[in-house]
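The structure under discussion is supplied below as structure tokens; questions concerning it will follow.
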Amino acid sequence: MSGRTQLHSILILVVSCTVADEVLQFLDIRNAIAGQTVTFHCSFPLFKDKNKIVVHWWKDGEREFLNSRPDPRRRFRVESKASAMLSLLNVRVGDSGVYYCRVQGEFTGNGTGKMLNVSASPHPLKILPKFFANGSLTCLCKTSGFYPADYTIAWQKDGQKIVAGVTTFREKNADGLFEVSSYLHETRPVQIGTIYICEVSHSTLKNPTWVNYTVSSTGDGFSASFPWWIYLCGAISLLLLIILLVLCCKFCKCKARKDNIQMRHCVRCSEPIMENPKCKEQAEKLDNAEMPQRNQRVGKVNDTAPKLKKHRKRDKDTTCA
């Protein structure tokens, strides 16, 4: 147990023994930073039975007790016969307000109430560089959501403060916090190795928070004309187009090969066979010599259909066999 918790327990015990019929409240951190844990303590007259103590908590302006709505950031506990506590984990700016406790049982009474103030820090910062075709540069320094609204921002270039060429905007985000965007415009080409620093001061910071950017090349950062995701989509589209063309080429080659095979078969069956003129004359003489023998065999022709003869390949030689 920490020294602060022990001190609160002793103080609550002393108040419970000395003050009668009164409910008092204590707060360990009155001005908290978003993200911290804050604990409210409720002190009341000593009860005989701890199990009969009922303590409710509520925030000023709300109609329901905090105990009635489940919230993982809230912790309720009866510490002793004379004290109870409420812990808020990871507090937010919206948790600011006055909190009360109400005790019921052997004794009934309301607490005096305690005010909680929650602030948010602009830390961390980030710098986004943007280069242009002529070598000029625009640096964007963006804060995290912060509260309250008062702040100061400053730019440095190689250790020297910059005033000219700076444009700063402040706006509220969806959570009701303030965000600052500061632009540093360098109209002349920048040199590699130049260091830019963005520094922000705020009431939540003991020391100013800052972020730096060192120019590594005049072409890094975000493009001046198109965001990076456009180039990524273009590269993916080009890759898909190449894959589609390859598949189409393979399909066309396979189809052409099939068509070529079928064409060869048809041409081979139907193409007329050219004859050599000399061979034709010799064939006619041979037919005239064999004509009588053929006439004798005419009567012996069968009724069956003649058999089809397959084409035979003829040599390209002009001599007759």
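The values are calculated or read from the model by the stated rules, or taken from the named source; none is laboratory data. As the structure is a computational prediction, the values presented were derived from the model and not from experiment. Glycine also receives a Cβ, built like all others from the backbone with ideal geometry; neighbour counts cover every protein chain displayed. Surface areas here come from the heavy atoms of the whole protein model, side chains and all, with no ligands, DNA or RNA. Shrake-Rupley method; radii C 1.70, N 1.55, O 1.52, S 1.80 Å.
With the condition kept exactly as written, say whether any residue in the range 77-89 is surrounded by fewer than 14 Cβ atoms within 10 Å (Cβ to Cβ) and either over 30 Å from Leu177 (Cβ atoms) or in contact with a strand residue (DSSP E or B) (Cβ under 6 Å, 6 or more places away or on another chain) (or both).
yes
While we're on this one: Between Pro129, Pro148, which is open to solvent by 30 Å² or more (accessible area, probe 1.4 Å) and not acidic (Asp, Glu)?
Just one listed residue meets the conditions, Pro148.
Filter the range 168-193 for residues that are among the polar types (S, T, N, Q), within 19 Å of Asn212 (Cα to Cα) and either modelled with pLDDT of 95 or more or in contact with a Gly (Cβ under 7 Å, 6 or more places away or on another chain) (or both) and give the result.
Thr168, Ser181, Ser182
When the range 136-169 is examined, which residues are found to be of a type in the set (Gly, Ala, Ser) and touching a Lys or Arg at 6+ places or on another chain (Cβ under 8 Å)?
Ser136, Ala149, Ala154
Going by the structure shown, is Asn117 under 30 Å from Leu27 (Cβ atoms) and not acidic (Asp, Glu)?
Yes.
Out of all the residues in the range 168-189, which are over 18 Å from Pro122 (Cα atoms) and either among the small types (Gly, Ala, Ser) or touching a Phe, Trp or Tyr at 6+ places or on another chain (Cβ under 8 Å) (or both)?
The answer is Leu184, and nothing else.
Sticking with this structure for a sec: Considering the range 41-62 alone, what residues qualify as being open to solvent by less than 60 Å² (accessible area, probe 1.4 Å) and among the polar types (S, T, N, Q)?
The one that is open to solvent by less than 60 Å² (accessible area, probe 1.4 Å) and among the polar types (S, T, N, Q): Ser43.
Hey, among Glu106, Glu171, which residue is open to solvent by 40 Å² or more (accessible area, probe 1.4 Å), part of a strand (DSSP E or B) and not hydrophobic (A, V, I, L, M, F, W, C)?
Glu171
Could you please find all residues in the range 21-72 being part of a loop (DSSP other than H, G, I, E, B) and among the aliphatic types (A, V, I, L, M)?
Correct list: Val23, Ile29, Ala34, Leu46, Ile53.
Let's see how each residue does on (1) closer than 24 Å to Thr194 by Cα; (2) of a type outside the set (Phe, Trp, Tyr); (3) within 26 Å of the chain's Cα centre (by Cα):
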{"residue": "Val91", "(1), (2), (3)": "no, yes, no"}
{"residue": "Val98", "(1), (2), (3)": "no, yes, no"}
{"residue": "Thr112", "(1), (2), (3)": "no, yes, no"}
{"residue": "Met115", "(1), (2), (3)": "no, yes, no"}
{"residue": "Ser121", "(1), (2), (3)": "no, yes, yes"}
{"residue": "Ala133", "(1), (2), (3)": "yes, yes, no"}
{"residue": "Thr138", "(1), (2), (3)": "yes, yes, yes"}
{"residue": "Asp150", "(1), (2), (3)": "no, yes, no"}
{"residue": "Trp155", "(1), (2), (3)": "yes, no, no"}
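Right, another one. Is at least one residue of the range 73-92 among the β-branched types (Val, Ile, Thr) and within 21 Å of Tyr147 (Cβ to Cβ)?
Within the range 73-92, one or more residues are among the β-branched types (Val, Ile, Thr) and within 21 Å of Tyr147 (Cβ to Cβ).
On to the next question. Would you pick out the residues in the range 204-215 that are farther than 27 Å from Leu137 by Cβ and surrounded by 15 or more Cβ atoms within 10 Å (Cβ to Cβ)?
The answer is Thr204, Leu205.
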